[in-house]
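What follows is a single structure, written as structure tokens, with notes after it.
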Amino acid sequence: MYIETIHSPQALKALSEKELPAVCQELRSALLKKLSEHGGHIGPNLGFVEATVALHYVFDSPSDKIVFDVSHQSYVHKMLTGRMQAFTDPAHYDDVSGYTNPAESSHDMFNVGHTSTSVSLACGLAKGRDLLDQKYNVVAVIGDGSLSGGEAFEGLNNVAEQGTNMIVVVNDNEMSIPENRGGMYRNFKQLRDTQGTAECNFFKSMGLDYVYEDKGNDVEALVEVFRKVKDSDHPIVVHIHTQKGNGYGPAMRNREQFHWGFPFDLASGQCKVQFDGERYEDLTGAYLMEQIRRRPEVVAVTAAMPMTFGFTPAMRVEAGRQFVDVGIAEEHATAFLSGIAKAGGRPVFALNSTFVQRTYDQLTQDLSLNANPAVILIFYNGVYSLNDVTHTGFQDIPMISNIPGITYLSPYTKEEYFAMLDWALLQNKGPVVIRVPEKVVSSGEADTTDYNQTNKYEVVQRGREVAILGLGIFQSQAQQTVNLLQQQGVRATLINPKFVSGVDAALLESLKTDHRLVVTLEDGLVEGGFGAKIAQFYANSSVKVLNRGLPKAFYDRFKTSDLLNEMRLTPELLWADIMSSLQE
């Protein structure tokens, strides 16, 4: 086998070009075996095997710098740069992250997990190189719909102005996660159909040189193309046409489904993980479809992730013009919402927590400052969700809850969630953001909260001495902690805040009469978060406040139970800390 001997790009270069197709086959087989057992990004990596081999065969990494956009298509790059064991030995499958990481290898330029950034990052590398009068190639790899992101446009514009060596490899597989959306992709089709000769050329219009290669999964053809552009003295785009999921039938037939996935049966492609019970993705999709059928002003909006809120291909077709995929463009999406709402529409935008920061300016300026009643649903947040450092959902509470004019809500039960949605789609006060829990919990009772009474918390149980405010999913920890305190003779007050963006001043003031300790629990960063607002309220009083959440840090590939223990967020540890505080 070839791959057993490849521990660096130098070992790859020692092979003849005629041997490279066999290397690609071995890499793809090893990749499929790991992905079927471990899960991960399937289609993007299978489709970029040949291109990665060709890049490392021609260029001289790490002297030449290769920057991967999103970097979820960098698995083969890792295999060729000293991390093969993490893809061939099950005992080492978790040794590497799913994205490039400079801590793993000098061949990885950046920690990258968000889209549309590679051109800007690479442009900066090229500028630094030029300032120091050095000579090496800078290669930016971008694809999977990432060119629709605003930063990609900005980067290309600057690359053309910079005018020195930089190679942009556009991996055109005709997809983002679902199919590509946006006018620019019509031009890409023109370029594919004409073998790159169409008079209308997006890249040339930016002042960039341009090369097209239709055989994007032919390693020998790619080697030839990359050799021609290596050491170029000006910026050039190499547009390659690839097949997402190449070499694996189920992934080629179901490209959206196999963008990312849990472990699957290699023979059939069937997912090995079975989900029991309800999921908010499915519940939300069904709810919104019912709203769409009844209300022509309701529109569901996504930034290339329709399955985030359960919109299957069939549902997208049924919704018609009331479903909009803006492509990978969260900034545009948020401003777009504001415009829809201003015109009388009722937009609902599903957004992953990790992508909130990509549209912070639009949330503040375009949406909230203008007080337009759009609805945003924040999925995949907190400790029970994604755990790669680039995809964690811990920062949305401090960011969103401190923007004036936004009502940020955090439900615990599905009854609360849908009551909040019902209200949000009818109210006219301004934008409403709802933090969608990772777990579906049902109380079995309707939520009768009047959400027009802003920042009015629910008192679940009134006690004395201690009050615990459990925000969202952490209402569970709060309830369990209250039960443990009850066993020790302490009847604590239990509060379900529901409102993240403000304080219930009247309730908090009333606690001063017979409470010594107020405890806040939140599934996110403590600094600048919900608990900080409560602590600020009591700053000049005798009431002590204990804020529990996550300290400000980057968390990577954590185990949820370990993190909860470390932060003393389990009911048992909370109980112990509360009892200790009461004895002081």
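The values are calculated or read from the model by the stated rules, or taken from the named source; none is laboratory data. Bear in mind the structure is a predicted one, so any value in this text is a computation, not a measurement. Glycine also receives a Cβ, built like all others from the backbone with ideal geometry; neighbour counts cover every protein chain displayed.
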Fill in the blank from the handout: Of the residues in region 79-97, those that are over 19 Å from L55 (Cβ atoms) and part of a loop (DSSP other than H, G, I, E, B) number 2
Practice task
Go through region 331-373 and give me each residue that's part of a strand (DSSP E or B) and of a type outside the set (D, E, K, R).
Solution key: P347, V348, F349, A350, L351, N352
Exercise for the section: Considering each of Q291, Q195 in turn, give the residue that is free of Cβ contacts under 8 Å to residues at least 24 places away in the same chain, surrounded by fewer than 20 Cβ atoms within 10 Å (Cβ to Cβ) and among the polar types (S, T, N, Q). Expected result: Q195
Practice task
Those residues that are over 23 Å from P9 (Cα atoms) and of a type in the set (F, W, Y), I need them from region 104-156; list them, please.
Solution key: F153
Fill in the blank from the handout: Of N402, N381, the only residue that is more than 19 Å from A286 (Cα to Cα) and crowded, with 19+ Cβ neighbours inside 10 Å is N381
Practice task
Could you give me the residue pairs with C-beta distances under 8 Å whose first residue belongs to region 316-333 and is touching a residue at least 60 places away in the same chain (Cβ under 8 Å) and closer than 20 Å to L367 by Cα, whose second residue is buried (at least 24 other Cβ atoms within 10 Å of the Cβ) and aromatic (F, W, Y) wherever it lies, and which are 6+ apart or on separate chains?
Solution key: none
Fill in the blank from the handout: For region 131-149, pairs from a residue that is assigned to a strand (DSSP E or B) to a residue that is modelled with pLDDT of 95 or more and among the basic types (K, R), with Cβ under 7 Å and 6 or more apart or across chains, are V138/K65; V138/R129; V139/K65
Practice task
Test L31 against the criterion of being farther than 29 Å from R129 by Cβ and not in a strand (DSSP E or B), and give yes or no.
Solution key: yes
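Condition check ((1) in contact with a Cys (Cβ under 6 Å, 6 or more places away or on another chain); (2) closer than 18 Å to I473 by Cα; (3) at pLDDT below 95) across all residues:
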| residue | (1), (2), (3) |
| --- | --- |
| A535 | no, no, no |
| Y538 | no, no, no |
| V545 | no, no, no |
| L550 | no, yes, no |
| F554 | no, no, no |
| R557 | no, no, yes |
| T560 | no, yes, no |
| L563 | no, yes, no |
| T570 | no, yes, no |
Fill in the blank from the handout: Quick count over region 430-458, residues being buried (at least 17 other Cβ atoms within 10 Å of the Cβ) and hydrophobic (A, V, I, L, M, F, W, C), is 4
Exercise for the section: Please verify whether region 208-217 includes one or more residues that are under 30 Å from Q134 (Cα atoms), part of a loop (DSSP other than H, G, I, E, B) and at pLDDT 95 or above. Expected result: yes
Exercise for the section: Looking for whichever is at pLDDT 95 or above, acidic (D, E) and within 22 Å of the chain's Cα centre (by Cα) here; the options are D388, D361. Which one fits? Expected result: D361
Exercise for the section: Considering every residue within region 28-40, establish whether at least one is under 29 Å from E151 (Cα atoms), in the same structural domain as T115 (by TED's automatic domain parsing) and crowded, with 24+ Cβ neighbours inside 10 Å. Expected result: no
Exercise for the section: State which residue is farthest from F355 (Cα to Cα) when the search covers only region 98-127 and only residues that are outside any loop (DSSP other than H, G, I, E, B) and within 22 Å of the chain's Cα centre (by Cα). Expected result: A122
Problem - Residue list for region 412-450, restricted to those being charged (D, E, K, R) and not in a loop (DSSP other than H, G, I, E, B) - result: K414, E415, E416, D422, R435
